[in-house]
1. Read through the list (1) crowded, with 21+ Cβ neighbours inside 10 Å; (2) outside the structural domain of residue 271 (by TED's automatic domain parsing); (3) in contact with a helix residue (DSSP H, G or I) (Cβ under 6 Å, 6 or more places away or on another chain), then give the number of the only condition that residue 125 fails.
2. Out of everything in the range 113-143 that is assigned to a strand (DSSP E or B) and within 21 Å of residue 218 (Cα to Cα), what residue ends up being modelled with the lowest pLDDT?
3. Could you check residue 293 against (1) at pLDDT below 95; (2) in contact with a strand residue (DSSP E or B) (Cβ under 6 Å, 6 or more places away or on another chain); (3) surrounded by 24 or more Cβ atoms within 10 Å (Cβ to Cβ) and say which number it fails?
4. Just to be sure I understand, how many residues within the range 28-56 are closer than 21 Å to residue 173 by Cα and outside any loop (DSSP other than H, G, I, E, B)?
5. Looking at the range 248-260, is at least one residue surrounded by 20 or more Cβ atoms within 10 Å (Cβ to Cβ), out of contact with any helix residue (DSSP H, G or I) (no Cβ under 6 Å at 6 or more places or on another chain), closer than 14 Å to residue 169 by Cα and touching a residue at least 12 places away in the same chain (Cβ under 8 Å)?
6. Can you find even one residue in the range 79-91 that is surrounded by 17 or more Cβ atoms within 10 Å (Cβ to Cβ), assigned to a strand (DSSP E or B) and touching a residue at least 60 places away in the same chain (Cβ under 8 Å)?
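The values are calculated or read from the model by the stated rules, or taken from the named source; none is laboratory data. Since we're looking at a predicted model, the values are computed, not measured. For neighbour counting, all protein chains shown are included, and Cβ atoms are generated from backbone atoms with ideal geometry for every residue, glycine included.
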């Protein structure tokens, strides 16, 4: 697959539909780093890129689209579908939380909240697509989704990214898969996952995607039970370094982003920074480091301040 051509085409396709999110240089976290603030994207996460790319590249049936999500993907699909005039039905687990559920409801999409976790929502979404004729938009393991997410890294490079290494949080693998596909080995990518939701780390250790238990503060965004095959193949070929962080480290990074730069992010959005702050990833002294901040859908919490 010609990934770079597909990502370039995706960026041209979604231009004017997405926000070119800002970048920031910061010395507030122990060393000088670059941050890309993708939580400032429409619906609060990078997911809008993949949603628009899929809907604009495919012929959407009259039955519309269906998506399963931990929250952010569902909000993105619902938003993009509304902008383009398509019906959307979204399935999310209860663990998505009130903030993300309310965000989806505000788009006017048909929303079903499912007991359990993301995998349970996915099962119902697949059944709905099969029975009702709607097009399913997978949250992470589909070429158009991955190409859309890859536009984050394309855009960042065009904004002047000057880094040897980029730290990226991983759930199902759409974001890091897109970054790996665009970069093609030109920069080092470090995959960061919570200790309690680590599908890529486990797959790399076992040599293939496997089911893992899912829990923790970032589970409603990074809680994929199994890593996507596209991401796994790209990560394996690139010999990606995989590190794990604790819930405590994620919360500390969340607080640090607020205290240093007044950036209010969800736990998943702070997970990549947590690897740097906690020492899960230790760069060389001269290594130029960048961190992708990926999501901001959190209800305001006074403990963050």
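1. So residue 125 meets the others, but not (3).
2. Narrowing the range 113-143 to residues assigned to a strand (DSSP E or B): 113-114, 135-136.
Next cut, within 21 Å of residue 218 (Cα to Cα) only: 113-114.
Numbers: 113: 90, 114: 87.
Going through the qualifying residues, I end up with 114.
3. Result: residue 293 fails condition (1) only.
4. Taking the range 28-56 first, the residues closer than 21 Å to residue 173 by Cα are 35-55.
Applying the additional criterion that residues be outside any loop (DSSP other than H, G, I, E, B) yields 35-40, 42-45, 47-55.
Residues in the range 28-56 being closer than 21 Å to residue 173 by Cα and outside any loop (DSSP other than H, G, I, E, B): 19 in total.
5. no
6. Keep residues of the range 79-91 that are surrounded by 17 or more Cβ atoms within 10 Å (Cβ to Cβ), which gives 79-81, 86-91.
This time we only want the ones that are assigned to a strand (DSSP E or B), so: 88-91.
Of the ones still in play, those that are also touching a residue at least 60 places away in the same chain (Cβ under 8 Å) are none.
No, the range 79-91 contains no residue that is surrounded by 17 or more Cβ atoms within 10 Å (Cβ to Cβ), assigned to a strand (DSSP E or B) and touching a residue at least 60 places away in the same chain (Cβ under 8 Å).
This table checks each residue for (1) over 26 Å from residue 157 (Cα atoms); (2) touching a residue at least 40 places away in the same chain (Cβ under 8 Å).
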residue: 175; (1), (2): no, yes
residue: 179; (1), (2): no, yes
residue: 195; (1), (2): yes, yes
residue: 198; (1), (2): yes, yes
residue: 208; (1), (2): yes, no
residue: 211; (1), (2): yes, no
residue: 218; (1), (2): yes, yes
residue: 224; (1), (2): yes, yes
residue: 241; (1), (2): no, yes
